[in-house]
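Report on one structure; see the data block that follows.
Bear in mind these aren't lab numbers, they're just calculated from the coordinates by the rules spelled out. These numbers were taken from a predicted model, which means no experiment stands behind them. Note that we place each Cβ from the backbone using ideal geometry, even for glycine, and neighbour counts take in every protein chain shown.
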Amino acid sequence: MGAPVRAAAAALVAVVLAMIVDVPSAQAAGCATSKQVYQDAPSWAQKLVDPSRIWLLTKGTGQTVAIVGAGVDGGNPQFGAGQVLASNDLVPRPGGVADCDGRGTFAAGIIGAQPNDQTTFVGMAPGVKLLPLRYTAGAGDTNPGDPGRLATAITQAVHAGAGTILVDVPTTVDSPALDDAVSAALAAGSVIVSPAVGAQAGVVSYPTALPGVLSVGAADQNGAAVQTESGDYIDIAAPGADLVSTSAGGYGHSWPIKDPAAAAAYVAATAALLRSYQPTATPAQIVNRLTLTASRAAGGGRDSRLGWGIVDAYAAVTSQLPLSTPGPDASPAAASVPNLVPAAAPARPPLNTLVGGLALGGVGLAALAGLITVTIRRGRARGWKVRL
């Protein structure tokens, strides 16, 4: 395709994108929507996780990530056809829109947005399927943290085959039903990822604080914690400020966003990539690998708001680390976790290298053929006979 044709195609796509505003999400008053397409340089968070290095190994294909919260708008152009799965809502949709709150679509983009020539933004695991499970309408819901509905949503995610369950909107209230749902999901082999989003000291998020859940704190680009919530249950951290991702409303992107909940999306995407690459790993083994490979701060110990450090997706997927390795808090020597050397992802040989190799191979074969010809002629002249 020539440059004029590509330019015309890009212009046409831009015009079509500019027209995609007449949808229920964009029309709903008070809903989080955007009419802008992000075209700046890749954000610091995207540079940090750098998912393209992992894509030669896996893009998360075959994995389903459930997003439990306030819904996902699958109409955004960066989601592939059929990538966002249909699901039953546990609460009515305000105004009939798929995601008025906006957080679910933002998280879904971090996880699985497809590459697109119109933007530098792309999701970490574009091969995954996304399963929205709405248990709250978000900010407008009178009871946004109902643990019973959250428990039901987690159970539905397991029954739908979600290997990774992201609780995008956690609750601040625990219940026996929620505890049982989490335990059953872990026993069924699902990894549950939940953020610490408490804005006030002493506030605890659930299921974030429950045993077995991969609990996520948030950090800015300087490595400082974003959220107020702290506790020894926080396992790992990820970018949570100055973020960019897909917007609800069937269009564009939102940025710069500061949201501790978004950090969990990066961790959920990494878990999905790891599950795709090592499908026999148990939830406990995946949590263990993610915490062991995290980028630690000075001292290497566990931080009450950032856990064992910032997620390192490339190291988590590629490091030569037995899945049975004890976790970072398995002994008093937790702070001295051995240095891990990531295995290099297989790279495609450059075209000139491949051609050069073929050329050298051809020269070698020609020389060998010449040597054989000379040898046969001399042998015949001397009366050699071949014995079988």
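Counting other C-beta atoms within 10 Å, which of 49, 182 has the fewest, and how do the rest follow?
The fewest-first ordering by Cβ neighbours comes to 49, 182.
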statement: Ordered by fewest other Cβ atoms within 10 Å, a rough proxy for footprinting exposure, 99, 174, 235 read 174, 235, 99
- line: To the nearest 0.05, the calculated FRET efficiency linking residue 201 and residue 175 through their beta-carbon distance, R0 being 30 Å, is 0.85
statement: Between residue 57 and residue 222, the two model label points (7 Å from Cα along the beta-carbon direction) sit apart by a distance in nm of 3.3 nm
task: Rounding to the nearest 20 debye, state how big the charge dipole of the stretch 24-336 is about its Cα centre with +1 on each Lys and Arg Cβ and -1 on each Asp and Glu Cβ.
output: 560 debye
- line: When 59, 47 are arranged by how many other beta-carbons sit within 10 Å of their Cβ, fewest first, they go 47, 59
query: What is the spin-label model distance, in nm, from residue 35 to residue 282 if the labels are put 7 Å beyond Cα along the C-beta direction?
result: 5.4 nm
message: As I understand it, the dipole of the stretch 24-336 uses +1 on the Cβ of Lys and Arg and -1 on the Cβ of Asp and Glu, about the Cα centre. Which of 91, 111, 184 lies farthest toward its positive end?
response: 111
- request: With viscosity set to 1.306 mPa s and temperature to 10 °C, compute the Stokes-Einstein D of the stretch 24-336, Rh being the Kirkwood radius across alpha carbon pairs; µm²/s, no decimals.
  value: 84 µm²/s
query: In nm, what is the difference between 0.36 nm times the number of residues separating residue 81 and residue 160 and their Cα-Cα distance?
result: 26.5 nm
